[in-house]
Amino acid sequence: MAQNVDALIPVMTGQKVIPVIVLDNADDAVPLARALAAGGLPAVEITLRTAAALESIKRVAAEVPEAIVGAGTILNGRNFDEAVAAGSKFIVSPGLTPELVSAANGHDVPLLPGSVTSSEIMSALEAGYTHLKFFPAEQAGGAAYLKSCSTVFGQVKFCPTGGVSVKNANDYLSLPNVLCVGGSWVAPKDMITSGDWDGITALAKAAAGI
């Protein structure tokens, strides 16, 4: 079966920047999601890199109706199922495996898998995936690499993440095969820790205006 593009496109085209968040404390999840949504970034990817991730997703899904919460760093089928059970509306992975394809096939919650090399992109296409994450973007060749991909894989659309910042976001967003970028700069760890929600809203507004 093919990727659930109909569910994924609104997330990827609804905002140019998708915040990629690592949360150590689930108590920060709700005010952070509200601050980002208030700044024009309702879709947010909470990565499964900490013990607080699933609880954070669960709270945002339950308490912040204006947010579109997704889960990142999904590495296997169990991660996929747990993230969906917590309330994730979209799933992001750094790669694509047969196990992930099996977990996502026929599911209402869409999977945005990662691909970097030509072979990985071709494998994703064979599995029915046309919308991909490009990670780690800067380390893998940056905007120049993705520009070269557009001539060969014209049907593929990307969301670059990894090293993307306010300084280089437009380099990616100006490409015809890029719909959005993922970045952590809109919610710096120190601002989350200090509870500077107004400051995060201001950063979100700036990112939303890119």
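Of the residues examined, ALA140 is not one that is of a type outside the set (S, T, N, Q), out of contact with any Pro (no Cβ under 8 Å at 6 or more places or on another chain) and closer than 24 Å to THR50 by Cα.
Taking the criterion of being within 28 Å of CYS149 (Cα to Cα), among the hydroxyl-bearing types (Ser, Thr, Tyr) and open to solvent by 60 Å² or more (accessible area, probe 1.4 Å), the residues of region 170-210 that qualify are SER174, SER184. For region 8-50, give me the residue count where each residue is touching a residue at least 12 places away in the same chain (Cβ under 8 Å), part of a helix (DSSP H, G or I) and out of contact with any Lys or Arg (no Cβ under 8 Å at 6 or more places or on another chain). Adding up the residues that qualify gives 13. Against the list (1) closer than 17 Å to ASP6 by Cα; (2) outside any strand (DSSP E or B), the condition PHE158 fails is (2). Of everything listed in (1) free of Cβ contacts under 8 Å to residues at least 40 places away in the same chain; (2) outside any loop (DSSP other than H, G, I, E, B), the single unmet condition for LYS205 is (1).
None of LYS205, LYS167, LYS133, LYS189 is among the basic types (Lys, Arg), within 23 Å of VAL101 (Cα to Cα) and under 20 Å from the mean Cα position of the chain (by Cα) except LYS133.
Checking the conditions here, which among ALA67, ALA26 is within 20 Å of LYS205 (Cβ to Cβ) and either aromatic (Phe, Trp, Tyr) or touching a helix residue (DSSP H, G or I) at 6+ places or on another chain (Cβ under 6 Å) (or both)?
ALA67
Here LYS58, LYS16 are screened, and the one residue that is charged (D, E, K, R), out of contact with any Phe, Trp or Tyr (no Cβ under 6 Å at 6 or more places or on another chain) and within 30 Å of ASN170 (Cβ to Cβ) is LYS16.
The values are calculated or read from the model by the stated rules, or taken from the named source; none is laboratory data. Quick caveat: nothing in here was measured; it's all calculated off a predicted structure. Note: ideal-geometry Cβ built from the backbone for every residue, glycine included; neighbour counts use all protein chains shown. Surface areas here come from the heavy atoms of the whole protein model, side chains and all, with no ligands, DNA or RNA. Shrake-Rupley method; radii C 1.70, N 1.55, O 1.52, S 1.80 Å.
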